[in-house]
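To start, the structure under review is shown below, and the notes come after it.
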Amino acid sequence: MSIIHSISVRSGRLVKLTFESAPFTRAARKTAGTARQARSRIVTLATVLGIVYAGMFGKLIYYGVAVDTTTSSIPPNPIMASRPDILDRNGELLATDIRTVSMFAEPSHMVDVDEAVEKLTQVFPELDRKTLYQKLSDKRSQFTWLRRQLTPKQQSEVLALGLPAIGFRPEVKRFYPGGRTAAHILGYVDIDNKGMAGMEKYLDMQGLSDLESTGLAVRENLEPVKLSIDIRAQNVVHDVVTDAITTYRGKAAGAVILDVHTGEVLAMASAPDFDPNDPQATGSEGWLNRMSNGTFEMGSTFKTFSMALALDSGTVKLSDSFDATGPLHYGGFTIHDDHDVPRRWLTIPEIFRYSSNIGTARMMDLVGMDRQKDYLTRFGLLSKMQTELPEVKTPTQPKVWKKINSITISFGHGVATTPLQTAVAGAALVDGGELIEPTFLPRSAEEAAKTEQQIVKKSTSDTIRYLFKLNGEQGSGRTADVPGFHVGGKTGTANKVVNGHYSHTLSFNAYLAAFPIDAPKYVVLSFIDEPLTGQHGLTFATNTAAPMVHDIISRVAPILGVEPDFGQNLLASY
C-alpha cells in the first residue's frame with residue numbers, strides 16, 4: 001500500500017503527485033505470492049484427481065469390454081426351469097423337483113481369500129483347497145460356482161460364516177423318492193436338471209429342453225407325466241433281481257413284466273444299477289440297462305421262435321419226429337445234446353420239453369435259412385426295437401448267413417438280442433400271434449390294436465402256449481411254476497463266449513414265461529449272467545433264472561389282480 005508524499009500545483013492545476021511506499025508494502029507482496037501458489041496447487045491436485053478418475057473409468061471399460069466374460073459374468077436366472085412330475089400308472093410319485101440353492105462367489109469383491117478358503121472347507125471338507133483358492137483369487141472373475149444344490153442346513157452354516165462376496169441362487173433339484181427302484185426306467189438328470197438317460201431324456205427329446213431354454217418350463221405350466229409302470233410290481237422285480245446277484249453270485253441280472261394285450265411295461269429292472277439321486281456315486285458300471293441296451297445270446301429260449309416259425313410255415317407238424325440218437329456234424333462243427341436228453345427219435349413236444357439242440361437243428365435244416373431269417377425279422381429279433389427309452393441296442397447277427405449259422409441260431413447261438421425284445425416277441429407268440437411294440441407310457445387295448453402286427457397264425461400261438469405249459473409242468477420250467485397261476489415258459493442256458501470260444505463254466509441264463517398260460521395276461525422274462533451257483537448247486541437256467549420268475553409271479557400276481565385257479569388243466573385239452 002502507498003501514501004501521498006508531495007503535491008505540486010501550478011496555475012491552479014495539479015502538476016505532480018508523488019507516492020511513497022508505506023512501511024508494510026513488502027508483506028503485501030508476500031501475501032499475493034502465497035495466493036498464487038495456492039491456486040497452482042489446487043490446479044495440480046484437480047489435474048491429478050482427473051487423471052485418477054479417468055484411469056478408473058478406463059479400467060471399468062476394460063473389464064466390461066476387454067475381459068473374456070464367458071465364465072466371469074453372472075449367468076442369468078430369471079426363471080427356475082422345472083421338470084414335470086413323473087407318476088406311475090396309479091398316480092404314485094416317481095420323480096419330482098424340489099427347491100434348493102447353489103453357492104457362488106464374486107472373486108473380484110473378495111476381501112480375504114485365505115479366510116474364505118479356511119472357513120468354507122470347514123463346512124465342505126470335500127472341497128479341494130487348491131482349486132478353491134485359485135477360484136477365489138482370480139480378481140478378473142465376477143462369478144464362479146462353489147457348490148451346487150445345498151441343503152438348508154448347509155446354507156445356514158455358510159451364512160453364519162459372514163463371508164463377503166459369497167452368495168446363493170435359487171435352483172431346482174430332481175428327487176426320486178424310490179431311489180434305485182426304477183433307476184433304468186426313469187434315468188437321471190445332470191446338475192442343470194437336463195435329462196441324461198431313461199424317460200427323463202425322453203421328455204427332453206419330446207421338447208421339454210426347448211421349453212427350458214425359452215424360460216417356459218415353469219412348474220405351474222407342466223402336467224405330470226404318467227408311466228405304464230406299477231411301482232408295486234417294480235419293487236418286487238427290483239428286489240428279486242438284486243437278490244439274485246447275491247444268491248447266485250452272478251455278474252448281472254434283470255427281469256421285465258409285460259402286459260401281453262397292450263405292450264405296456266409294468267416293471268423292469270437291471271442290476272447292477274444306480275441311485276438316480278446321485279448317479280455318480282456307484283460309478284458307470286450300474287448305468288448300463290442290460291434289459292434294453294445289452295445284447296446277449298439268449299440260448300434255448302430261442303427254440304420258442306424256431307418252433308413257431310417251423311410250425312407256422314407248415315414245414316413241421318406237431319406230430320412230427322426227428323432223429324436225436326447221435327450228434328450232428330456240420331462243416332467241422334458238432335452239435336451235441338445235454339446228457340439228460342434221450343438219445344432217440346423225439347417228437348416236437350419232446351424236442352421242446354427236453355430242449356434238444358439236435359432235434360431243433362434237424363428241424364431248422366428242413367425249414368431253410370431264408371425262411372428262418374424272414375421269420376426272425378418278422379418277430380422283431382433282428383432289428384432295433386422301437387420304444388420310448390433312448391437306451392436301446394441293435395441286435396447282432398452274422399454278416400453273411402451260412403448253414404452252420406442257421407443251425408446254431410435255431411437253438412440260441414449266433415444272434416444276440418436284448419432281453420426286452422425277446423420278451424416282446426414271446427408275448428406275441430402266446431397272445432394270438434400279434435406283435436405289439438413295448439411302451440413305457442399308458443396304452444389301452446384299443447390303442448394297442450391299432451399298431452399290432454400279425455406275425456404268426458393264431459393256431460401257431462395256441463401250440464406255443466401248449467408247449468410252454470408242457471415245459472412248465474414237466475420240463476425245465478417246473479421251478480418257476482406257482483400253484484394256481486399256471487406258469488409256462490422256456491428256459492435258456494447259453495454258454496458265454498470267452499476269448500473267442502464258448503466257455504463250459506460261464507453261462508447266460510434266461511427264462512421266458514407267461515401266466516396264466518391258458519389265457520395269458522402277462523409275460524415275465526428273467527436272466528442271470530454268469531451265475532456261479534444255483535439251486536442244488538447247479539448253474540443251469542432251471543436252477544437260477546426260472547426260480548427268479550417263480551419269486552416274481554408269486555408276489556406280483558395278487559397285486560395285478562390275477563385270481564388263482566386250481567381246477568383247470570390245459571394239457572388235458574390237447
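The values are calculated or read from the model by the stated rules, or taken from the named source; none is laboratory data. Here the structure is a predicted model, which is why all the values come from computation and not from measurement. Note: ideal-geometry Cβ built from the backbone for every residue, glycine included; neighbour counts use all protein chains shown.
Would it be correct to say that Gly294 is outside any strand (DSSP E or B) and modelled with pLDDT of 95 or more?
Working: outside any strand (DSSP E or B): yes; modelled with pLDDT of 95 or more: yes.
Yes.
Taking the options Gly359, Gly368, Gly433, Gly412, name whichever one is surrounded by fewer than 19 Cβ atoms within 10 Å (Cβ to Cβ) and either under 24 Å from Asp320 (Cβ atoms) or assigned by TED's automatic domain parsing to the domain that holds Phe540 (or both).
Working: Gly359 fails: surrounded by fewer than 19 Cβ atoms within 10 Å (Cβ to Cβ); Gly433 fails: surrounded by fewer than 19 Cβ atoms within 10 Å (Cβ to Cβ); Gly412 fails: surrounded by fewer than 19 Cβ atoms within 10 Å (Cβ to Cβ).
Going through Gly359, Gly368, Gly433, Gly412 in turn, the sole match is Gly368.
Please enumerate the residues belonging to the range 250-262 that are aliphatic (A, V, I, L, M) and either surrounded by fewer than 20 Cβ atoms within 10 Å (Cβ to Cβ) or under 18 Å from the mean Cα position of the chain (by Cα) (or both). Step through it out loud before you land on a result.
From the range 250-262, those aliphatic (A, V, I, L, M) are 252-253, 255-258, 260; that's our starting set.
Matches in the range 250-262: Ala252, Ala253, Ala255, Val256.
I'd like the full set of residues that are over 37 Å from the mean Cα position of the chain (by Cα) and in contact (Cβ under 8 Å) with a residue 40 or more places away in the chain, limited to the range 447-466. Quick ask: steps written out before the conclusion?
Here is the first cut: in the range 447-466, the residues over 37 Å from the mean Cα position of the chain (by Cα) are 457-460, 462-463, 466.
Selection gives Lys457, Thr460, Thr463, Tyr466.
Taking Ala308 as meeting all but one of (1) closer than 25 Å to Thr422 by Cβ; (2) in a loop (DSSP other than H, G, I, E, B); (3) of a type outside the set (S, T, N, Q), write down the number of the exception.
(2)
Tell me, which residue of the range 131-185 that is of a type in the set (Ser, Thr, Tyr) and outside any helix (DSSP H, G or I) is farthest from Leu420 (Cα to Cα)? Quick ask: steps written out before the conclusion?
Taking the range 131-185 and keeping what is of a type in the set (Ser, Thr, Tyr), we get 131, 133, 137, 141, 144, 151, 156, 176, 181.
Still in the running and outside any helix (DSSP H, G or I): 141, 144, 151, 176.
Numbers: Ser141: 51, Thr144: 45, Thr151: 39, Tyr176: 24 Å.
In this case the residue turns out to be Ser141.
What is the residue count in the range 83-114 for residues that are exposed (fewer than 14 other Cβ atoms within 10 Å of the Cβ) and either hydrophobic (A, V, I, L, M, F, W, C) or touching a strand residue (DSSP E or B) at 6+ places or on another chain (Cβ under 8 Å) (or both)? It would help to see each step written out before you state the result.
Initial filter on the range 83-114 (exposed (fewer than 14 other Cβ atoms within 10 Å of the Cβ)): 90-91, 98-99, 109, 111-112, 114.
Cutting the leftovers down to either hydrophobic (A, V, I, L, M, F, W, C) or touching a strand residue (DSSP E or B) at 6+ places or on another chain (Cβ under 8 Å) (or both) gives us 91, 98-99, 111.
Residues meeting the conditions: 4.
Is it the case, given these coordinates, that Gly162 is surrounded by fewer than 20 Cβ atoms within 10 Å (Cβ to Cβ), out of contact with any Asp or Glu (no Cβ under 9 Å at 6 or more places or on another chain) and within 23 Å of Leu389 (Cβ to Cβ)?
Values: surrounded by fewer than 20 Cβ atoms within 10 Å (Cβ to Cβ): yes; out of contact with any Asp or Glu (no Cβ under 9 Å at 6 or more places or on another chain): yes; within 23 Å of Leu389 (Cβ to Cβ): no.
No: the conditions fail for Gly162.
Between residues in the range 339-355 that are part of a strand (DSSP E or B) and residues that are at pLDDT 95 or above and among the aromatic types (Phe, Trp, Tyr), which pairs lie under 7 Å by C-beta distance while being six or more apart or on different chains?
Trp345/Phe322; Leu346/Phe322; Leu346/Tyr354
Do we have any residue at all in the range 166-174 that's over 30 Å from Met110 (Cβ atoms) and either surrounded by fewer than 13 Cβ atoms within 10 Å (Cβ to Cβ) or not small (Gly, Ala, Ser) (or both)?
For the range 166-174, residues over 30 Å from Met110 (Cβ atoms) and either surrounded by fewer than 13 Cβ atoms within 10 Å (Cβ to Cβ) or not small (Gly, Ala, Ser) (or both): present.
Identify all residues within the range 252-284 that are at pLDDT 95 or above and over 21 Å from Ile86 (Cα atoms); write none if there are none.
Passing the criteria: Ala252, Ala253, Gly254, Ala255, Val260, His261, Ala271, Pro272.
Name the residue, out of Lys402, Lys384, that is over 35 Å from the mean Cα position of the chain (by Cα) and farther than 27 Å from Phe540 by Cα.
Details: Lys384 fails: over 35 Å from the mean Cα position of the chain (by Cα).
Going through Lys402, Lys384 in turn, the sole match is Lys402.
Can you work out which of the residues in the range 237-249 that are touching a strand residue (DSSP E or B) at 6+ places or on another chain (Cβ under 8 Å) and surrounded by fewer than 23 Cβ atoms within 10 Å (Cβ to Cβ) is nearest to Thr96 (Cα to Cα)?
Initially, the range 237-249 is screened for residues touching a strand residue (DSSP E or B) at 6+ places or on another chain (Cβ under 8 Å), giving 237-238, 240-242, 244-245, 248.
Pick out the ones that are also surrounded by fewer than 23 Cβ atoms within 10 Å (Cβ to Cβ) and you get 242, 245.
Working: Thr242: 25, Ile245: 30 Å.
The extreme case among them is Thr242.
Tell me, yes or no, whether the range 418-426 has at least one residue that is over 25 Å from the mean Cα position of the chain (by Cα) and assigned to a helix (DSSP H, G or I).
Of the residues in the range 418-426, the ones over 25 Å from the mean Cα position of the chain (by Cα) are 426.
Now restrict to residues that are assigned to a helix (DSSP H, G or I): 426.
For the range 418-426, residues over 25 Å from the mean Cα position of the chain (by Cα) and assigned to a helix (DSSP H, G or I): present.
Failed condition for Thr505, given (1) at pLDDT 95 or above; (2) out of contact with any Pro (no Cβ under 8 Å at 6 or more places or on another chain), with all others met?
Status for Thr505: all satisfied but (1).
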